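Before I ask anything, let me first share the structure, which is written out below as structure tokens.
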Amino acid sequence: MICAQILLVLFNNNIWVITVVVSSVLMLFYFYRVPDRPRVKAPYEVILSPSDGTVIEIKEKKNGYVRVVIYLSPLDVHQQWYPTYGVIVDRRYVPGQFNLAYLTEKSQYNERVSTVIRNEYGIVRVDQIAGQLARRIVNYATLHTLVRRGEHMGMIKLSSRVDIHLPSKSVKLHIEKGDKVFGNQTKIATWI
């Protein structure tokens, strides 16, 4: 009975505090959600998007790779999945700054975790990049282990970006700048 009276006093006198607290808790539950996404039944050659988000850049690099930049808004699921089958040949944490994730020229200096996957077709690198709000990247990759397309790779907490680097001569892209992609669902490329 005393607890109920205390709650009534708090509720009547501080409705805005309670509203802010409850809203914040609900937003965090929504933000950290892990959707139950069934594995896509697709041929071995298909490369799926490693994350939800919007493709903000597709750029051919001098090193023979094409970089697909996926920006994750606060409303997107911030989980990542392995985009292809293969063996983890490198996993590297790079400390850095926390610039806005959608600014591709500045965010190259941001904190990141790079995961390199090799299979018989070639090498794919997935960069989990922290944004201005993000201060933690979770990555489950273990060197020299075999991963399957669609397995959970990790998560970037709060604003972020995921870049996927694909060998340009070994893949055919199926996406364009501005496309909305969904992790472990959208076909972004095919090995050729």
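The values are calculated or read from the model by the stated rules, or taken from the named source; none is laboratory data. Keep in mind that this is a model prediction, so the values were computed, not measured. Cβ atoms come from the backbone with ideal geometry, glycine included; neighbour counts cover every protein chain shown.
Please go through the stretch 81-105 and give me each residue that is at pLDDT below 95 and outside any loop (DSSP other than H, G, I, E, B), ordered by number.
93, 94, 97
Scanning the stretch 53-73 for residues that are under 16 Å from residue 35 (Cβ atoms) and of a type outside the set (A, V, I, L, M, F, W, C), which turns out surrounded by the most Cβ atoms within 10 Å (Cβ to Cβ)?
Applying the filter and picking the extreme gives 53.
Right, here's the next one. Return the pairs, sorted by first residue and then second, in which the second residue is of a type in the set (Phe, Trp, Tyr) and buried (at least 22 other Cβ atoms within 10 Å of the Cβ), the first residue lies in the stretch 178-190 and is in the same structural domain as residue 51 (by TED's automatic domain parsing) and farther than 23 Å from residue 120 by Cβ, the beta carbons are less than 8 Å apart, and the residues are 6+ apart or on different chains.
183/81
Further, regarding this structure: Taking the condition modelled with pLDDT of 95 or more, within 22 Å of residue 77 (Cβ to Cβ) and assigned to a loop (DSSP other than H, G, I, E, B), does residue 117 pass?
On the way: modelled with pLDDT of 95 or more: yes; within 22 Å of residue 77 (Cβ to Cβ): yes; assigned to a loop (DSSP other than H, G, I, E, B): no.
For residue 117, the condition - modelled with pLDDT of 95 or more, within 22 Å of residue 77 (Cβ to Cβ) and assigned to a loop (DSSP other than H, G, I, E, B) - is not met.
Look at residue 37 and say whether it is among the basic types (Lys, Arg), outside the structural domain of residue 121 (by TED's automatic domain parsing), surrounded by 14 or more Cβ atoms within 10 Å (Cβ to Cβ) and touching a residue at least 24 places away in the same chain (Cβ under 8 Å).
Taking the combined requirement at face value, the residue satisfies it.
Residues being under 17 Å from the mean Cα position of the chain (by Cα), among the charged types (D, E, K, R) and not in a loop (DSSP other than H, G, I, E, B): count how many of those fall in the stretch 37-60.
Residues that pass the stated criteria total 1.
Here is a list: 123, 175, 164. Which entry is more than 14 Å from the chain's Cα centre (by Cα), not small (Gly, Ala, Ser) and not in a loop (DSSP other than H, G, I, E, B)?
On inspection, the qualifying residue turns out to be 123.
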